1. Give me a count of the residues in segment 166-176 that are under 16 Å from residue 190 (Cβ atoms) and of a type outside the set (A, V, I, L, M).
2. Testing residue 88 on (1) part of a helix (DSSP H, G or I); (2) closer than 30 Å to residue 228 by Cα; (3) out of contact with any Cys (no Cβ under 9 Å at 6 or more places or on another chain); (4) open to solvent by less than 30 Å² (accessible area, probe 1.4 Å), one condition comes back false. Which one is that?
3. Restricting attention to segment 239-278, which residues are surrounded by fewer than 17 Cβ atoms within 10 Å (Cβ to Cβ) and assigned to a helix (DSSP H, G or I)?
4. For segment 44-72, how many residues are outside any helix (DSSP H, G or I) and open to solvent by less than 50 Å² (accessible area, probe 1.4 Å)?
5. Report yes if residue 231 is farther than 23 Å from residue 164 by Cα, in contact with a Gly (Cβ under 6 Å, 6 or more places away or on another chain), open to solvent by 40 Å² or more (accessible area, probe 1.4 Å) and of a type outside the set (Asp, Glu), otherwise no.
6. Among the numbered conditions (1) in contact with a Ser or Thr (Cβ under 8 Å, 6 or more places away or on another chain); (2) part of a loop (DSSP other than H, G, I, E, B), tell me where residue 188 comes up short.
7. Would it be correct to say that residue 220 is surrounded by fewer than 13 Cβ atoms within 10 Å (Cβ to Cβ) and assigned to a strand (DSSP E or B)?
8. Every residue in segment 1-43 that is assigned to a loop (DSSP other than H, G, I, E, B), open to solvent by 20 Å² or more (accessible area, probe 1.4 Å), over 14 Å from residue 76 (Cα atoms) and in contact with a helix residue (DSSP H, G or I) (Cβ under 9 Å, 6 or more places away or on another chain), please.
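The values are calculated or read from the model by the stated rules, or taken from the named source; none is laboratory data. Small disclaimer: the values here were computed from a predicted structure and weren't measured. All Cβ positions, even for glycine, are placed from backbone atoms using ideal geometry, and neighbour counts span all protein chains on display. All accessible areas refer to the heavy atoms of the entire protein, side chains included, with ligands and DNA or RNA removed. Shrake-Rupley method; radii C 1.70, N 1.55, O 1.52, S 1.80 Å.
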Amino acid sequence: MYRVGILGTENSHAMAFAEEINLPGADGKVKYPDFKVVALYASERQPSEEIVEKCGKDIVIYDKPEDMLGKIDCAMITSRHGKFHKELAMPFIKAGLPCFIDKPFTISIEDMNEVVAEAEKSGSPLSGGSGCKYIPELFEMRDVIKAGELGKLRSGVITFPAEMDSEYGGFYFYASHLIEMTITAFGKDIKSILACENGGNLIAIARYDGFDVVMDFVQNGYYTATAYFERGNCVKTPCLDTIYAAELEQFINMVRSGKSSLDIGELTQPVYILNAIEKSLNEKREVALSEF
């Protein structure tokens, strides 16, 4: 039995993962019988108590993250504020445990580098980031782009909200979703970022070789993705219904195998792009990712 610890239970993701792991599905069977959430931590107890009430009275709520050491086999860091991700994850990474670190992986590049360096040292496999990279419609768009049947890709637009004044790190709290959606559909070879804000709405242009993609952090809750080609357009409406299950399955497979299916760049590139967006906004200029 793999014992799972979740840290940062104030996030709705924590409840979603605990339910998926501990509770039986519609068929009456637990999906992952070799896994069980057994430990929780958050700065406030109430969210953890709600998970205990729903997902298992034998789940232990700990007062300090490090108290879980020896009691769990893998950790899921789901704190809403990315600035806490490094400190919550480090005890388990140093111990070599497999770790899931939710979006944003970290806020600062310095924290990100420390996490990655420690994981490489200890052999701790890592997964996480935004579940939006598993949206099926974006895989479909990626395949259309790769097929080339509509000719050369001219440009693209993807929308997803971001909270510029969120108490959980401003736009860092939500923006990683759209960044990872863009990478999934259009590729990871982003050269630079040009961002602007108007009326509380953020737009960031991801510049590739030969085309640009507009990341529109529009505040309306409707998600769209469009790729414009020489001979037509590809329009998709991203559906988020399966993303929790998809990212949890990736984590489960990582724990079982001891290896992550994610390249470390898939976790770190969004952090560079987040910081590039902030730098572009502050300095009112295009920012090359090579600057970091």
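1. 1
2. Among (1) part of a helix (DSSP H, G or I); (2) closer than 30 Å to residue 228 by Cα; (3) out of contact with any Cys (no Cβ under 9 Å at 6 or more places or on another chain); (4) open to solvent by less than 30 Å² (accessible area, probe 1.4 Å), residue 88 violates only (2).
3. Answer for segment 239-278, where residues must be surrounded by fewer than 17 Cβ atoms within 10 Å (Cβ to Cβ) and assigned to a helix (DSSP H, G or I): 245, 246, 249, 253, 256, 257, 264, 265.
4. Taking segment 44-72 first, the residues outside any helix (DSSP H, G or I) are 44, 56-64, 69-72.
Retained after the next criterion (residues that are open to solvent by less than 50 Å² (accessible area, probe 1.4 Å)): 56, 59, 61-62, 72.
Total satisfying the criteria: 5.
5. Values: farther than 23 Å from residue 164 by Cα: yes; in contact with a Gly (Cβ under 6 Å, 6 or more places away or on another chain): yes; open to solvent by 40 Å² or more (accessible area, probe 1.4 Å): yes; of a type outside the set (Asp, Glu): yes.
Yes.
6. Evaluating residue 188 over (1) in contact with a Ser or Thr (Cβ under 8 Å, 6 or more places away or on another chain); (2) part of a loop (DSSP other than H, G, I, E, B) leaves (1) as the failure.
7. No; evaluated as a whole, the condition is false for this residue.
8. 23, 30, 31, 34, 43, listed by residue number.
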